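Here's the structure we're looking at; comments come further down.
The values are calculated or read from the model by the stated rules, or taken from the named source; none is laboratory data. These figures come from a predicted structure and were not determined experimentally. Cβ atoms come from the backbone with ideal geometry, glycine included; neighbour counts cover every protein chain shown. Areas reflect the complete protein model, heavy atoms only, side chains present, ligands, DNA and RNA absent. Shrake-Rupley method; radii C 1.70, N 1.55, O 1.52, S 1.80 Å.
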Amino acid sequence: MKLWKKIKTVGALIGAALILIVASNSTIVSSRLEAPTRRNVAYLEPTIVFHYHRADNDYTNWDLWLWEYGKDGVATAFTDEDSYGKYVALPLSTWSNTESVYVIARKTDWSAQTSDLEVVYSNFTLSTDNAYDIYMVDLENTLYVSAEEALADKILSSRFVEVNQVEVVTNYFPSAFIVKENDNPLTSSSGTPVYNATSYSYKTSVTVGDSGFAMDFNNNYAVFVTFHDSGETKSAPVSISGLFDTSYFKENSTYSGSDLGVTYSSTSSIFKVWAPTSSQVILRIYENGTPTSVDAVLGDNNFTPYSMSKGNYGVWSVTVNGDLNGKYYTFFVTNAMFPSGVEAVDPYAKAAGVNGERGMILDFSTTDPTGWEDVNLPDIEPTRAAVYEMHVADLTSDSTWNGHESSRKKYLGLIEEGTTYTQDGMTVTTGFDHIKELGVNVVQILPFFDQSNDEVNVSFNWGYNPKNYDVLEGAYSSDPYDGAVRVNEFKQVVQAYSQAGIRIVMDVVYNHVASVSSSSFNKIVPEYYFRYKEDGSLSNGSGVGNDTASERIMMQRFMVDSTAWWTEEYKIGGFRFDLMGLHDVDTMNAISARVHTIDHHSLIYGEPWKLSTVTAVNTTLATYDNIPQINNVGGFNDAFRDGVKGSVFDKTGVGWVQNGNPSATQITNVKNGLLGVETGGSDDPSQVVNYVDCHDNNTLFDKMSLTTDLNIYDENTILKRVTQAAAMTLTAEGISFFQGGTEFLRTKPKDGGNFDDNSYQSSYEVNDFDWDRKITYHQQYEIFRELVALKTGNSLFQYGTREAIDSHVTYTSASELGIDAPIMKLSYVDDNNQMAIYHIGTTTRVTIDLTGYEVVVDTSGTFAVGERLGSERLLGNTTLILKPISGSSTSSDSTGGGSSSNDDGDNGGLSALDISLAIGGGLIILGGGTALILLLKKKKDF
């Protein structure tokens with residue numbers, strides 16, 4: 001006898017009733033809950049009461065995550081309990097949105113969670129005690145209006161998993177099944193229900209039809225389940241989501257055409273949407289792009305409906321006559337998940353109204369700025385790239401930027417010329433002029449596709465919350481209500497940067513969406529575009545609640561079509577893939593092939609991290625160890641990053657630059673990066689993105705401040721360490737990348753003297769470019785300019801193949817130099833182009849014979865550019881870039897070995913025998929036996 005236990009017990013909860021039913025050869029333990037007793041209090045204002053029931057009665061470390069549209073989420077603990085479970089009551093005035101709020105039930109460490117669920121107030125009834133009661137159960141992704149509904153017999157899911165097999169999941173033990181095709185019963189036979197103690201549900205496999213039966217995608221299917229306990233029968237549509245990865249679905253219901261979305265002409269427009277699981281699709285045409293929920297005055301909810309027809313491969317279409325340019329549209333779809341229908345923005349929409357709530361029909365030829373057809377992007381090989389990362393708003397949000405106020409934090413602010421900042425008699429360029437002056441040839445901009453943000457009442461956000469992938473974000477436009485304005489303004493940005501010899505790389509986030517429940521993907525084809533675990537919960541390798549399924553054909557095609565669109569229409573010069581390791585190798589290869597057909601020099605790279613995600617079988621992910629399998633796509637070299645400055649996951653962890661005794665692993669990882677190799681990854685320099693800081697984690701200046709003991713070192717050590725780390729990045733073979741503002745030692749201070757290491761939702765003040773720092777740290781800025789010029793202008797640092805690097809670059813270790821100190825030497829010989837670089841880490845002074853060489857760059861500022869050297873005592877945390885004196889017979893490989901001094905003191909080499917004090921720009925040397933030394937250190941509060 002097999003014992004079946006219904007685990008939905010409630011222990012000592014008030015009102016619980018335990019019923020034992022014996023049927024056939026199975027013993028079934030089942031429980032039913034009475035409705036919770038009503039509250040004894042009426043709320044003073046309209047209130048939402050979130051009720052949560054767990055079958056195991058264990059609420060330890062469970063809470064709710066609540067947020068309103070476009071705002072940050074807040075962890076919310078339960079405060080009370082009743083016979084149903086735990087609950088918390090919150091006044092509607094908690095949120096500014098008067099129509100809805102979003103909720104997730106979760107473990108506080110995010111190890112388990114529901115999907116994100118939208119609570120639309122109008123779907124619930126305000127009770128006599130002034131409350132909207134919302135009922136949730138375990139990890140079910142449904143909001144119920146009553147306890148009775150929440151705990152009633154339910155079919156939790158039903159889907160085809162084979163062409164003749166339906167998988168049915170119920171909350172209580174089932175006893176009989178019938179599957180109908182277009183209301184006609186099919187022969188059905190069911191297996192034994194299998195209980196899942198994690199999801200508190202029963203899974204049953206039902207075989208349908210006669211021998212040789214195969215479901216037809218053009219027909220509708222429903223399952224009818226009779227429950228053992230109550231004897232009641234419930235029904236639900238049968239989804240085809242279980243067939244998504246089968247060859248049967250791929251051959252019959254995936255579309256290879258390139259015309260999804262709207263195809264506009266002045267006489268008619270054709271609308272197509274891929275919705276193979278929908279039973280009805282209606283096109284809605286709006287005159288206005290603003291819903292009244294966004295703006296009651298400017299908005300208008302009137303629309304004209306057009307029925308769409310279903311064709312082959314699940315594509316619905318309709319042609320509307322007339323010139324629709326400037327009008328807006330959505331689709332209203334009906335499917336198993338939304339049996340009453342739901343409105344969705346076209347995933348292929350190319351323009352949109354405010355907040356991205358309605359797609360826009362647009363004649364893009366009318367958006368081109370004058371001279372757009374003459375815009376030709378500069379040809380930049382990957383290994384010649386000096387990539388500068390920035391956010392649209394950061395460049396202009398600080399008060400030290402003196403451009404037009406109307407352009408502050410906007411697209412047009414990115415290209416405003418003639419802005420400066422003056423302080424203490426010094427004037428420096430800011431904004432766009434600064435970028436041009438710096439000399440970078442690639443600018444990567446944090447996400448500027450349409451995001452799940454409030455575009456009218458704008459607050460700072462990095463932008464990793466995708467909404468409409470093929471639409472520009474409206475918050476940066478001078479007019480977010482008119483979708484055409486942002487298109488024209490951003491094209492002006494691309495045009496101006498191209499004229500300055502700079503490509504724009506777009507930061508794209510195809511790996512997740514801001515909200516699955518509100519995603520057009522999930523509304524139009526539920527469950528297809530996302531990865532799910534065995535228990536039915538969403539995969540969460542992204543850390544934000546969902547992972548898209550790039551391995552599925554239509555998601556892959558969407559990504560390919562999307563990147564091709566940005567490349568063709570906006571002349572985007574490349575793509576940075578957020579969490580690229582969640583995408584599969586085949587998709588990345590398909591994107592690379594398509595984009596490089598359009599633009600041979602497009603620069604494509606991404607984050608190749610290994611993350612915990614659920615994929616279809618035989619899926620190879622685009623992680624760093626698999627990058628060699630991807631053509632013309634690079635990955636960030638985090639081994640180099642952590643090797644140079646220390647782990648980003650340990651604020652006080654040190655790297656080669658700060659560590660007087662670096663580990664063998666740190667030395668190897670830094671050496672590999674300098675030679676265009678990612679440890680454990682690609683050794684093709686065109687695939688290696690060397691960097692030491694980006695928008696994530698602490699800025700380079702803040703990291704060095706956290707890891708430099710000012711009781712031992714002075715602030716100048718921090719400055720030297722920052723510029724040295726930058727020098728290693730910009731002279732490394734491969735692609736060089738750094739965060740905007742690092743060139744003037746950007747900082748992100750927080751209250752209490754700390755630094756912000758995750759400023760995605762922090763204030764503009766934390767994230768902006770403080771242009772006064774360009775004056776304060778002007779010497780360091782000038783060194784950065786010299787380093788950028790080397791990267792972009794000297795072929796020694798641009799080798800594109802492993803063979804070229806191995807032939808022309810030689811690495812020499814400290815031991816090979818005969819120096820007992822953290823030193824690396826690189827020698828470059830390419831006909832008459834020769835250089836030598838010494839990276840001297842945290843150490844006392846070292847003496848090296850540099851006779852026959854002159855200075856190209858000295859990151860410590862000790863030697864002037866062009867200064868001729870001899871036997872020199874060099875400071876710690878110095879990178880010295882040298883070239884042979886013209887006419888000298890000395891080769892790069894002959895630069896001397898040397899010795900480390902026996903001086904005691906810090907890495908600035910301060911000692912009783914040799915002290916250097918920088919005073920007013922002059923250098924005073926004090927030497928020869930002193931009895932007493934007064935060491936003055938410049939200190940700064942952080």
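The residue list 797, 628, 874 was ranked by how far each Cα lies along the charge dipole of the chain toward its positive end, using unit charges on Cβ atoms, and 628 comes out on top. One chain, two ends: residue 776 and residue 437. Fully extended at 0.36 nm per residue, the span grows by 120.3 nm beyond their Cα-Cα distance. Each Cα pair under 8 Å and six or more residues apart adds its separation to the average, and for the chain the resulting relative contact order is 7 percent. One way to sum up the overall shape of the range 486-574 is the equivalent ellipsoid from its Cα gyration tensor, whose semi-axes run 32, 12, 12 Å, largest first. Using alpha carbons only, how many degrees (0 to 90, rounded to 10) separate the axis of helix 664-674 from the longest principal axis of the chain? The angle comes out at about 90 degrees. Each residue, residue 295 and residue 815, gets one label point 7 Å from its Cα in the Cβ direction; the gap between the two is 6.9 nm.
Angle of helix 585-598 to the longest C-alpha principal axis of the chain, folded into 0 to 90 degrees and rounded to 10: 70°. Among the protein heavy atoms, those of residue 43 account for about 50 Å² of accessible surface (1.4 Å probe, every chain in place). Site pair residue 250 and residue 600 shows an inter-label distance of 3.3 nm when each label is modelled 7 Å from Cα along Cα→Cβ.
Using the Karplus relation 6.51 cos²θ - 1.76 cosθ + 1.60 with θ = phi - 60°, the per-residue 3J(HN,Hα) values for the range 537-542 come to 7, 6, 5, 9, x, 6 Hz, with x marking Gly and Pro. Taking label points 7 Å from Cα along the Cα-to-Cβ direction, residue 56 and residue 663 give a separation of 3.6 nm.
When the P(r) of the range 336-376 is calculated, the portion above 15 Å amounts to 60% of the C-alpha pairs.
Within a straight-line Cα-Cα reach of under 14 Å, residue 703 can be paired with the following aspartates and glutamates, leaving aside sequence neighbours fewer than 8 residues apart in one chain: 642, 650, 693, 715, 756, 757.
Of the cross-linked pairs 436/571; 467/491; 523/610; 107/203, not one is separated by over 31 Å at the C-alpha level.
For the range 525-593, the alpha carbon convex hull comes to 102 Å³ per residue, rounded to a whole number. Longest stretch of the chain clear of exposed loop sites (GluC sites (Glu not before Pro), DSSP loop, at most 13 other Cβ atoms within 10 Å, sites excluded): 535-866. Value of Rg to Rh for the range 41-88, rounded to two decimals, is 1.01; Kirkwood radius and Rg both from alpha-carbon coordinates. Shown here: the range 834-876, whose C-alpha atoms stretch 25, 18, 18 Å along the first, second and third principal axes, sorted largest to smallest. For the set 384, 106, the ranking by accessible area, highest first and with no ligand, DNA or RNA atoms included, is 384, 106 under a 1.4 Å probe.
For the range 188-291, relative contact order (Cα pairs under 8 Å, six or more residues apart, normalised by length) works out to 14 percent. Its convex hull of Cα atoms gives the range 424-465 a direction-averaged projected area, equal to a quarter of the hull surface, of 5.1 nm². Once Rg and the Kirkwood radius are both taken over the C-alpha atoms of the range 608-656, their ratio Rg/Rh works out to 1.10.
For the chain, give the share of DSSP beta bridges that are antiparallel, in percent and rounded to the nearest 5; count only bridges with both residues there.
80
So how far, in whole Å, is the C-alpha centre of the range 233-267 from the one of the range 147-223? Spelled out, the Cα-based centre of one part sits 21 Å from the other. Rolling a 1.4 Å probe across the protein heavy atoms gives the range 403-526 an accessible surface of 27 Å² per residue. Relative to one another, the C-alpha centroids of the range 524-555 and the range 39-96 are positioned 27 Å apart.
For residue 65, the solvent-accessible surface computed with a 1.4 Å probe is close to 70 Å², ligands and nucleic acids excluded. For the range 369-462, the share of DSSP beta bridges that are antiparallel, to the nearest 5, is 50%. Fully extending the segment from residue 649 to residue 586, taken as 0.36 nm per residue of separation minus the present Cα-Cα distance, adds 19.6 nm. Given all pairs of different Cα atoms, what value in angstroms does the Kirkwood hydrodynamic radius of the chain take? With all distinct Cα pairs of the chain included, I get 30.9 Å. What does the net charge come to around residue 552 if you take all other residues with beta carbon closer than 13 Å to its beta carbon, with K and R at +1 and D and E at -1? Local net charge: -3.
Per-residue accessible area (protein heavy atoms, 1.4 Å probe) orders 226, 60 as 60, 226, starting from the largest.
About its Cα centre, the dipole of the chain is roughly 1220 debye, where the only charges are +1 on Lys and Arg Cβ and -1 on Asp and Glu Cβ.
Based on DSSP H segments of at least four residues, each scored -39500 (n - 2.57), the chain has a per-residue ellipticity at 222 nm of -4500 deg cm²/dmol. With semi-axes defined as the square roots of five times the eigenvalues of the C-alpha gyration tensor, the equivalent ellipsoid of the range 360-480 measures 25, 21, 16 Å, largest first.
Between the alpha-carbon centres of the range 445-514 and the range 382-427 there is a gap of 17 Å. Convex hull volume of the C-alpha atoms in the range 768-819, normalised per residue: 160 Å³. Radius of gyration over Kirkwood radius for the range 666-758, both on Cα atoms: the Rg/Rh ratio is 1.02. Each principal axis of the Cα cloud of the range 205-358 was evaluated for its coordinate range; sorted largest first, these ranges are 55, 38, 22 Å.
Compared with the dominant principal axis of the Cα atoms in the chain, helix 778-793 is inclined by about 80°. Accessible-area rank, largest first, for 701, 649, 213: 649, 213, 701, with all protein chains present and a 1.4 angstrom probe.
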